[in-house]
Amino acid sequence: MPIRKIPKNYRNVTGIAAHSKAEGQAMFESTLERDFISLLEFDDEVERFEVQPLQLVWKDEDNKQRTYIPDVLAYYFGNNIKPTLFEVKYRDDLKKNWSTLKPKFRAGIHFAKENNWKFKIITEVEIRTSYLASVKFLLPFVRKGPEEESHMQLLADKVRELRQTTPASLLKAIFNDEWNQAKLLPTLWYLIGTRQLGVDLNQKLTMSSRIWSIC
């Protein structure tokens, strides 16, 4: 469960995001944090994550007790990726407040090493990408699920037959009329969002994007 409740902030966007992988409430203090936890939710290597998971305590150079709460702790499937403590910050904040933040991050690195975890600072450069745009587009379709189970097999079989295609060409290859094509589209995005069909998520998703069968 999160260590502290995030208060309303009139300078930044705050709130609670609905995520199935979140342990407790997936609260965020900025749109950058909100975007990052969307990436964690979409990442099929992430098993679960927790926002503001723990409080670290250390003493500064004046022997005063200080505390620090990292932003996110993420756990991954398998043993290839260690659990990771993330600090989400804008680059400008890092530059302006580095002298204050550095001791906190040092405490985070030390704690992570003691627990055989990783500690990582992540900024808008890594988060705000074309990949994020794809994730934000696909997540609602993933959460909702397929419109009809039969549509999944219909689309997957046709892509397998065509090998490579585009959303527009695929729908036309199945139905001639636009009404039935439109009915298939949400399930197509669901299949792409759940990695059952291949697409380059680093490129903007359009009806002309190249898609392919992965099985």
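Across the cross-link table entries Lys172/Lys204; Lys21/Lys158; Lys96/Lys144; Lys96/Lys204; Lys82/Lys158, which are compared at the Cα atoms, the separations over 30 Å belong to Lys21/Lys158; Lys96/Lys144; Lys96/Lys204; Lys82/Lys158.
Rg/Rh for the chain stands at 1.08; both radii use Cα atoms, and Rh follows the Kirkwood definition.
Each Lys or Arg adds one and each Asp or Glu takes one away; over the other residues whose Cβ falls under 14 Å from the Cβ of Ala22, this sums to -3.
Taking N as the number of residues in the range 130-213, what value does Rg over Cα atoms divided by 2.2 N^0.38 Å take? Walk me through the numbers on the way to the answer.
Working: Rg = 11.7 Å, N = 84, 2.2 N^0.38 = 11.8 Å.
Dividing the Cα Rg of the range 130-213 by 2.2 N^0.38 Å gives 0.99.
Nearest 10 degrees is fine. How inclined is helix 31-42 to the longest principal axis of the chain, computing both from alpha carbons? Approximately 60 degrees, to the nearest 10. Using only Cα atoms, find the angle between the long axis of helix 98-114 and the longest principal axis of the chain, and express it within 0 to 90 degrees, rounded to the nearest 10. That works out to roughly 80 degrees.
Report the FRET efficiency, 1/(1 + (r/R0)^6), for Thr194 and Lys172, where r is their Cβ-Cβ distance and R0 is 22 Å, rounded to 0.05.
Using R0 = 22 Å, I get an efficiency of 0.40.
Each peptide in 178-190, 89-101 gets a packing score, the mean of other Cβ atoms within 10 Å over its residues, and the list from highest to lowest is 178-190, 89-101. Between Gln153 and Leu54, the simple spin-label model (points 7 angstrom out along Cα→Cβ) gives 4.8 nm.
Of the GluC sites (Glu not before Pro) found in the range 68-153, the ones in coil according to DSSP and having at most 13 other Cβ atoms within 10 Å of their Cβ are Glu148.
Taken together, the values in this text are just the output of simple stated rules run on the coordinates, not laboratory data. The structure displayed is predicted, hence computed values, not measured ones. With ideal geometry, Cβ positions are generated from the backbone for all residues, glycine too; neighbour counts draw on all protein chains shown.
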